[in-house]
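**Q** First, the structure itself, so that you have it in front of you.
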């Protein structure tokens with residue numbers, strides 16, 4: 001038998017696609033698919049937010065905050081304050097319930113089902129009833145806009161979408177993208193909740209003095225606590241623009257903003 | 001700290017790593033392919049065949065087991081690309097070129113080992129692949145792949 005020396009072929013077992021071209025195609029595909037899914041799911045969330053009656057919402061999410069309640073003695077006075085404020089919102093379909101969380105970071109959240117979560121750090125930091133009233137009214141404003149449901153829905157959608165799309169890649173992108181998105185989509189809702197909240201404060205006290213005190217004090221607090229306050233800023237961006245917006249609103253409505261503040265009595 | 005710095009670092013680091021590993025990986029790959037071609041040219045006169053038994057007219061003076069083995073790992077960029085490919089399916093081109101290099105390298109090492117031993121041909125050549133489990137993820141991941149070529153080297157009289 002004859003042996004003819006030949007070179008092995010080096011082009012059969014390898015696809016000749018340029019890796020960068022392949023990357024571009026795949027990334028574009030993933031982005032398109034994820035984008036389409038997110039848009040469709042956001043529309044579904046929006047539909048849910050519009051058409052889910054508050055009574056259903058409360059039934060679905062009853063027990064959502066169970067176990068969080070720390071039986072704080074300050075729950076009752078804060079609940080009273082919320083009740084007084086919410087009385088100025090006659091169409092309120094929610095049975096608003098205050099839950100105090102043991103946490104040093106000053107923060108407040110509107111949770112699905114009508115719970116207003118308030119950290120003990122927020123109560124410690126409050127210097128007058130008026131400024132606490134504004135923070136609480138702002139959260140009530142989120143219920144009116146049903147932002148809590150929207151945030152929950154969108155958060156879930158983004159998490160699922162991003163984790164599915166990039167789960168296989170080595171980069172730690174999922175957390176980052178959900179994080180960024182949940183920071184940015186709140187702005188408009190925050191503004192509308194601010195405006196509604198300020199209206200409630202005006203209705204309750206006859207003036208809006210002291211309402212923005214939290215915002216004005218927080219930049220100093222940030223210097224003291226460092227990253228402790230990061231969470232609050234992430235979801236409630238305190239910007240010059242936001243304080244100006246409040247002042248503007250006060251001016252346009254001819255509300256009084258110079259008046260003696262009511263001291264805060266939370267201890268029984 | 002400006003609010004954009006942290007996300008920029010968290011996004012920028014993996015992207016920079018992708019870019020760097022792409023350039024290093026593709027340079028290494030190009031050089032290796034060039035090197036393989038040169039060595040394939042040099043060793044083309046030593047046949048490595050898959051016959052289980054040599055042709056009857058070969059006068060065999062001696063025989064021995066020869067092996068050539070190579071252990072390879074994928075780089076960060078190839079892993080990323082393969083991960084994306086895993087969503088849609090299809091050929092994982094970034095692994096194809098890698099495994100092709102590994103097979104050729106293993107065969108060349110087999111031939112080189114036979115040549116150094118004074119053998120003139122290798123028959124019954126087989127290729128085997130095994131996965132090296134990753135120690136970091138309790139054996140669930142793959143840290144590398146071994147390609148092993150083995151066969152029977154034969155000493156033949158000069159013609």
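**Q** Might you let me know whether segment B:91-114 holds any residue that is more than 14 Å from chain A (Cβ to nearest Cβ), exposed (fewer than 15 other Cβ atoms within 10 Å of the Cβ) and free of Cβ contacts under 8 Å to residues at least 24 places away in the same chain?
**A** Taking segment B:91-114 and keeping what is more than 14 Å from chain A (Cβ to nearest Cβ), we get B:109, B:112-114.
From the residues that got through so far, the ones that are exposed (fewer than 15 other Cβ atoms within 10 Å of the Cβ) too are none.
Scanning segment B:91-114 turns up no residue that is more than 14 Å from chain A (Cβ to nearest Cβ), exposed (fewer than 15 other Cβ atoms within 10 Å of the Cβ) and free of Cβ contacts under 8 Å to residues at least 24 places away in the same chain.
**Q** Hey, can you tell me all the residues within segment B:28-63 that are part of a strand (DSSP E or B) and either within 13 Å of chain A (Cβ to nearest Cβ) or exposed (fewer than 14 other Cβ atoms within 10 Å of the Cβ) (or both)?
**A** Filtering segment B:28-63 for residues part of a strand (DSSP E or B) gives B:48, B:62-63.
Matches in segment B:28-63: B:48, B:62.
**Q** Continuing with the same structure: Taking residue B:20, is it over 17 Å from the mean Cα position of the chain (by Cα), closer than 23 Å to residue B:124 by Cβ, at pLDDT 90 or above and not in a loop (DSSP other than H, G, I, E, B)? Let's see the steps before the verdict.
**A** Working: over 17 Å from the mean Cα position of the chain (by Cα): yes; closer than 23 Å to residue B:124 by Cβ: no; at pLDDT 90 or above: yes; not in a loop (DSSP other than H, G, I, E, B): yes.
Taking the combined requirement at face value, the residue does not satisfy it.
**Q** Hey, any hits in segment A:80-101 for a residue that's free of Cβ contacts under 8 Å to residues at least 24 places away in the same chain, within 26 Å of residue A:259 (Cβ to Cβ), surrounded by 15 or more Cβ atoms within 10 Å (Cβ to Cβ) and out of contact with any helix residue (DSSP H, G or I) (no Cβ under 7 Å at 6 or more places or on another chain)?
**A** No.
**Q** Need the failing condition index for residue B:7 against (1) surrounded by fewer than 16 Cβ atoms within 10 Å (Cβ to Cβ); (2) facing another protein chain (nearest Cβ under 10 Å); (3) at pLDDT 90 or above; (4) assigned to a helix (DSSP H, G or I), just the number.
**A** Every condition holds for residue B:7 apart from (3).
**Q** In segment A:11-33, what residues are assigned to a loop (DSSP other than H, G, I, E, B) and more than 7 Å from chain B (Cβ to nearest Cβ)? Break it down stepwise before answering.
**A** From segment A:11-33, those assigned to a loop (DSSP other than H, G, I, E, B) are A:11-18; that's our starting set.
Answer for segment A:11-33, where residues must be assigned to a loop (DSSP other than H, G, I, E, B) and more than 7 Å from chain B (Cβ to nearest Cβ): A:11, A:12, A:16, A:18.
Matching residues to (1) surrounded by fewer than 16 Cβ atoms within 10 Å (Cβ to Cβ); (2) modelled with pLDDT of 80 or more:
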site	(1), (2)
A:165	no, no
A:184	yes, no
A:189	no, no
A:214	no, no
A:228	yes, no
A:231	yes, no
A:242	no, no
A:260	yes, yes
A:266	no, no
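**Q** Given the structure, is residue B:121 under 30 Å from residue B:26 (Cβ atoms), touching a strand residue (DSSP E or B) at 6+ places or on another chain (Cβ under 7 Å) and within 14 Å of chain A (Cβ to nearest Cβ)?
**A** Details: under 30 Å from residue B:26 (Cβ atoms): no; touching a strand residue (DSSP E or B) at 6+ places or on another chain (Cβ under 7 Å): yes; within 14 Å of chain A (Cβ to nearest Cβ): yes.
No: the conditions fail for residue B:121.
**Q** Hey, can you tell me all the residues within segment B:64-97 that are under 18 Å from the mean Cα position of the chain (by Cα) and in a strand (DSSP E or B)?
**A** B:66, B:67, B:68, B:69, B:70, B:71, B:72
**Q** Name every residue in segment B:64-87 that is exposed (fewer than 15 other Cβ atoms within 10 Å of the Cβ) and closer than 15 Å to residue A:27 by Cβ, in order of residue number.
**A** Scanning segment B:64-87 gives a single hit, B:86.
**Q** Can you tell me which residue among A:197, A:206 is exposed (fewer than 15 other Cβ atoms within 10 Å of the Cβ) and modelled with pLDDT of 85 or more? Lay out the reasoning, then the answer.
**A** Working: A:197 fails: exposed (fewer than 15 other Cβ atoms within 10 Å of the Cβ).
On inspection, the qualifying residue turns out to be A:206.
The values are calculated or read from the model by the stated rules, or taken from the named source; none is laboratory data. Every value quoted in this text rests on a predicted model; they were computed, and no experiment measured them. We place every Cβ from the backbone using ideal geometry, glycine too, and count neighbours over all the protein chains shown.
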